[in-house]
Amino acid sequence: MSLLELRDVTKQFGGLVAVGDVSLTVEQGSIHGLIGPNGAGKTTLFNLITGIYGLSGGTILFEREPIDGLAPFRIAQKGITRTFQNIRLFKDLSVYDNVLTACHMNTKYSVVEALFRLPARNQGEKKLKQETEILLDIMNLTDRRDVSAGNLPYGFQRRLEIARAVALKPTLLLLDEPAAGMNPDETFELLEMIKQVKREFGLTVLIIEHHMDLIMNLCDRIMVLNFGRVLAEGSPIEIQNDPAVVQAYLGEGGNHDARY
Amino acid sequence: MSWAYITTVLIMTGINLLAVIGLSVLTGFTGLFSFGHAGFMAIGAYTSAILTVWLGVPYYLALLIAGLAAGLISLVIGRLTLKLKGDYFIIATLGFGESIRLLFNWFDPIGGSRGFRIPSEIHYTSLSDVIIINLIALILIANLINSRHGRNFKAIREEEMASQVIGINIFRYKMLSFFISAVLVGIAGGMLAHLTHFLIPRNFDMTKSTFLTIMVILGGLGSLSGSVIGTVVLTFIPEFLRNFNEWRYVIFGFLVVLVMVLRPKGLMGGYEISDLLRWVKRRLVRRRGEKNESA
Ligand SMILES: Nc1ncnc2c1ncn2[C@@H]1O[C@H](COP(=O)(O)OP(=O)(O)OP(=O)(O)O)[C@@H](O)[C@H]1O
Ligand SMILES: [Mg+2]
């Protein structure tokens with residue numbers, strides 16, 4: 001079943017077509033890769049799906065309902081969340097509080113119940129704290145739970161962003177270059193974590209990455225963007241052997257990871 | 001110094017404190033700066049005075065209604081201004097505060113610029129009133145901050161876009177924060193009215209708004225303990241400096257600048273007293289552990 005469907009999605013900035021007529025279907029339970037050279041429009045596509053930018057054309061369906069035009073927080077409440085290429089954590093809050101904050105929708109106690117510490121509040125908080133601890137464990141962040149997010153090493157910050165996103169119990173998780181700036185060991189560790197959270201939380205994942213090993217290893221399907229247009233779409237093997245992709249992006253033995 | 005004088009200063013401190021707790025929710029925890037909250041104070045002050053003087057409403061009920069009146073106005077103002085970006089919001093609050101003051105200045109039935117006197121047979125705000133109301137406010141606000149709703153305030157202060165993508169309706173939470181701050185500042189206004197028993201719009205000008213915001217900042221944004229300390233320090237200093245006449249505000253300003261240079265995040269800088277106690281405790285435990293090891 002298709003979870004997310006983009007139909008002829010277009011985004012223009014003035015005269016620049018950042019994303020042009022992109023159609024894409026993401027199957028429920030799959031890991032879908034999104035690759036392409038710098039400036040290809042990958043992040044813009046995420047901003048369109050999460051409602052941060054409005055569409056210039058086309059529609060986006062999530063669970064078969066149109067979601068374009070909804071405010072970002074509504075789209076998040078429907079079950080789509082993301083991480084950011086340029087990390088956006090709650091810097092002055094602890095690792096623990098970053099995740100705990102993101103759990104807020106998993107309990108429903110009201111402002112009045114919070115003010116007076118009524119039983120619903122206490123039960124809700126207990127539940128959120130358990131969920132937070134489980135997530136920190138999975139993402140290997142428990143040792144640093146009291147550190148301010150802004151003081152974490154880079155690789156940990158990226159992991160914390162994933163933990164914070166998964167805390168909403170989303171259906172669809174968008175990861176924007178989660179391995180950027182990581183060394184091969186860290187990247188491998190991250191790969192395992194992504195697989196684990198996907199399995200345990202029954203997620204569907206759409207991931208942007210420049211580490212080709214990670215993408216080819218992880219994804220069921222891959223879409224290649226170039227200058228805002230779809231260059232190719234298929235299984236990892238099909239993509240690796242696609243002449244247009246090899247020429248435009250993968251290059252002749254060229255190593256795109258070298259830039260990072 | 002007479003006991004009556006000391007009591008008055010303490011009551012004044014308590015009234016400022018209530019207003020600062022309210023403003024702390026908005027500025028310290030949600031990251032929105034206001035230079036118009038004296039307007040809400042004025043609304044609370046006049047509402048409560050009208051209620052007790054003209055309608056014979058009991059003091060505490062009048063304070064509650066005064067707070068709600070200020071809150072109601074904040075919802076209207078918030079709807080109009082909270083979608084504005086940070087700087088524009090500040091200007092809008094400034095405009096609001098001054099408009100309210102001018103409105104009361106111009107409105108003659110409640111004395112206009114000549115002021116409004118509360119007869120002496122009506123209740124005077126006492127030290128116990130101040131203590132009771134502040135304790136309730138501190139407990140309720142601390143509860144709120146330690147809840148999913150309070151954490152959403154902090155998330156908005158830290159990163160608006162990240163807040164949105166984790167499903168926080170930032171407009172709604174800004175409204176809530178603005179409302180809570182207006183209610184508390186409104187109640188503080190009511191208490192002030194019944195302390196001085198004389199209301200004059202001039203007392204609710206931009207200087208008053210600025211003073212409240214300075215107390216929050218000096219105490220440390222995002223710390224309720226900081227707000228308490230900031231208020232006590234900043235209410236007492238001008239009193240101690242009374243002998244310096246005009247110069248006291250120069251000295252006062254200089255001290256504020258000095259604190260901000262030495263501690264840019266304010267006296268408490270985002271920490272609560274409870275955090276400090278925990279830190280000291282951890283230290284002691286570690287110290288003891290080291291001693292045991294070396295023994
Ligand atoms: N807010 C914006 N205003 C104007 N132009 C923009 C905006 N956001 C993106 N663009 C432009 O749209 C194009 C696509 O940018 P985008 O960030 O989506 O690329 P990307 O594929 O994510 O690249 P990278 O690999 O470098 O992250 C670029 O030319 C960029 O300059
Ligand atoms: Mg990008």
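The values are calculated or read from the model by the stated rules, or taken from the named source; none is laboratory data. Computed from a predicted structure; not experimentally measured. We place every Cβ from the backbone using ideal geometry, glycine too, and count neighbours over all the protein chains shown. Just so you know, the surface numbers come from the protein's heavy atoms only, side chains and all, with ligands and any DNA or RNA stripped out. Shrake-Rupley method; radii C 1.70, N 1.55, O 1.52, S 1.80 Å.
Observations on the structure shown:
- Residues of region A:138-190 that are within 14 Å of another protein chain (Cβ to nearest Cβ), away from ligand 2 (no atom under 16 Å from the Cβ) and open to solvent by less than 20 Å² (accessible area, probe 1.4 Å): A:ALA149, A:LEU160, A:ILE162, A:ALA163, A:ARG164, A:ALA165, A:VAL166, A:ALA167, A:LEU168, A:PRO170, A:LEU172, A:LEU173.
- Matching entry among A:GLY51, A:GLY69, A:GLY33 (being assigned by TED's automatic domain parsing to the domain that holds A:GLU192, in a loop (DSSP other than H, G, I, E, B) and buried (at least 20 other Cβ atoms within 10 Å of the Cβ)): A:GLY51
- Taking each residue of region A:177-192 that is closer than 8 Å to A:GLY155 by Cα and in contact (Cβ under 8 Å) with a residue 60 or more places away in the chain and looking for partners that are more than 16 Å from ligand 1 (Cβ to nearest atom) and of a type in the set (Ser, Thr, Tyr) with beta-carbon atoms closer than 9 Å, six or more apart or interchain, yields A:GLY181/A:TYR154.
- Subset of region B:234-253 (residues that are open to solvent by 60 Å² or more (accessible area, probe 1.4 Å) and more than 16 Å from B:TYR5 (Cβ to Cβ)): B:PHE244, B:ASN245, B:GLU246, B:TRP247, B:TYR249, B:VAL250
- Of all the residues in region A:98-108, those that are more than 7 Å from chain B (Cβ to nearest Cβ) and not β-branched (Val, Ile, Thr) number 4.
- Residue under evaluation A:PHE13, criteria (1) surrounded by fewer than 22 Cβ atoms within 10 Å (Cβ to Cβ); (2) under 24 Å from A:GLU65 (Cβ atoms); (3) within 14 Å of ligand 1 (Cβ to nearest atom), criterion not met: (2)
- Filter pass, A:ILE207 being assigned to a strand (DSSP E or B) and under 25 Å from B:GLU159 (Cα atoms): yes
- For A:PRO72: the one exception among (1) within 15 Å of ligand 1 (Cβ to nearest atom); (2) more than 14 Å from chain B (Cβ to nearest Cβ); (3) in contact with a Gly (Cβ under 9 Å, 6 or more places away or on another chain); (4) not aromatic (Phe, Trp, Tyr): (2)
- All of B:ILE118, B:ILE132, B:ILE110, B:ILE136 fail the test of being touching a residue at least 24 places away in the same chain (Cβ under 8 Å) and surrounded by fewer than 18 Cβ atoms within 10 Å (Cβ to Cβ), apart from B:ILE110.
- Unique residue being away from every other protein chain (no Cβ under 14 Å), open to solvent by less than 50 Å² (accessible area, probe 1.4 Å) and within 16 Å of ligand 2 (Cβ to nearest atom) when the list is A:LEU45, A:LEU61: A:LEU45
- Test: residue in region A:118-135 that is at the interface with another protein chain (Cβ under 9 Å from one of its Cβ atoms), touching a residue at least 60 places away in the same chain (Cβ under 8 Å) and under 26 Å from B:TRP279 (Cβ atoms): no
- Annotation note: of A:SER2, A:SER23, the sole residue that is within 10 Å of A:ARG229 (Cα to Cα), small (Gly, Ala, Ser), away from chain B (no Cβ under 14 Å) and more than 15 Å from ligand 1 (Cβ to nearest atom) is A:SER23.
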